[in-house]
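Down below is the structure, laid out as structure tokens.
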């Protein structure tokens, strides 16, 4: 089972940049397989790392084996030729340790407006940019003659270290977006919102409906982690985190103009069943085994509650999990 980290780039990352990078130096030494970062824009106070490829380059310079993934790059925001260059350069600088998650974007219309992009064009822009990105990575030169970009015989480099290109993943929730992933053979970056089983059920039905093979790569699941030396201490972590996450969901809904009354709060039972690995190390191992029995082979673990948990507590959980469970995960 591949065990990665996620959530560290979210709120709560303000502070000393060097100390932030030490988290991933330590993750590399502890044996974690990778770390994932989002492309999150236009928040001067809370988000010091809006550009995940820039952050990835800094981490690659300080680590030996840790992979870094984007979860996700918002394709409609970028000219695909420039993005292809950045992806290929980062792949080269890392010695082939880059994973590339791609998405159409769930950012507010304000972000599209700031970039002078029509949000109604995002689906078509995404599809066109994806095809250009793949061609730029795999062909000596790339051309396009579409609605958004027109150019001819542009060589983009450096050549990819990972062949035919760095692994591409898709973040998708709607039928249309998941259908795109099915047609292109892309594995999904599964989300806790909406629950991943909705995405998987839709993916499986589209694979059967269209007669396409399932994606070859491992689908990546996400789980919050509340691990402690004792069951009682872990339960206290759950009881502290869950209300914070529910309030966070309400805040996000308000930001998007949705009424708070319509936001579904997760119950403790739902949280433990669908979104969290919790307990002492033995209990957490049982839950990991249950996920492996379901066919889960890649996990993105969130130790900091997406910014709701302080750095000291997050680091303690990360250390305990690595010491007690990471070696056992290799056999799952």
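What follows draws every value from the coordinates through simple rules; no lab data is involved. Given the structure is predicted, the values throughout are model-derived calculations rather than measurements. Cβ sites come from the backbone with ideal geometry, for glycine too, and all protein chains shown count toward neighbours.
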Per q in 0.06, 0.07, 0.15 Å⁻¹, report the Debye log10 I(q)/I(0) for the chain, using one uniform scatterer on each alpha carbon and no solvent.
-0.21, -0.28, -1.42
P(r) for region 109-251: what percent of alpha-carbon pairs falls in each 10 Å bin, starting at zero?
9, 25, 30, 22, 10, 3, 0
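Working from the pairwise distances between different alpha carbons, so that the mean of 1/r is found and then inverted, what is region 187-243's Kirkwood radius in Å? Show your work: numbers first, answer last.
Values: mean 1/r = 0.0723 Å⁻¹.
Every distinct Cα pair counted, the radius reaches 13.8 Å.
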If 79, 224 are placed from fewest to most neighbouring beta carbons inside 10 Å, the sequence is 79, 224
Region 254-332-region 37-96 distance, computed between alpha-carbon centres (Å)
24
For region 178-332, the convex hull over Cα atoms projects on average to an area in nm² of 10.4
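Where Rh is the Kirkwood radius over the Cα pairs of region 1-63, the temperature 37 °C and the viscosity 0.692 mPa s, what D in µm²/s does Stokes-Einstein return?
269
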Computed over region 20-128, the ratio Rg/Rh where both radii use C-alpha atoms and Rh is Kirkwood
1.00
If you count, for each residue, the other Cβ atoms within 10 Å and average over each peptide, how do 294-304, 314-324 line up from highest to lowest?
294-304, 314-324
Between 0 and 90 degrees, rounded to the nearest ten: what's the tilt of helix 281-293 against the longest Cα principal axis of the chain?
40
Within the chain, what percent of beta bridges assigned by DSSP are antiparallel, to the nearest 5?
10
Any chance you could give the angle, 0 to 90 degrees and rounded to 10, that helix 122-138 forms with the longest Cα principal axis of the chain?
80
Rounded to the nearest 10, the angle in degrees between the Cα long axis of helix 311-324 and the longest principal axis of the Cα atoms of the chain comes to 80
If one computes the Cα centroid of region 115-167 and of region 177-252, what distance in Å separates the two points?
28
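Calculate the all-directions average of the projected area of region 239-331's alpha-carbon convex hull, and give it in nm².
Working: hull surface 28.0 nm².
Its average projected convex-hull area is 7.0 nm².
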Which value in Å is the Kirkwood Rh of region 152-202 over different Cα pairs?
12.8
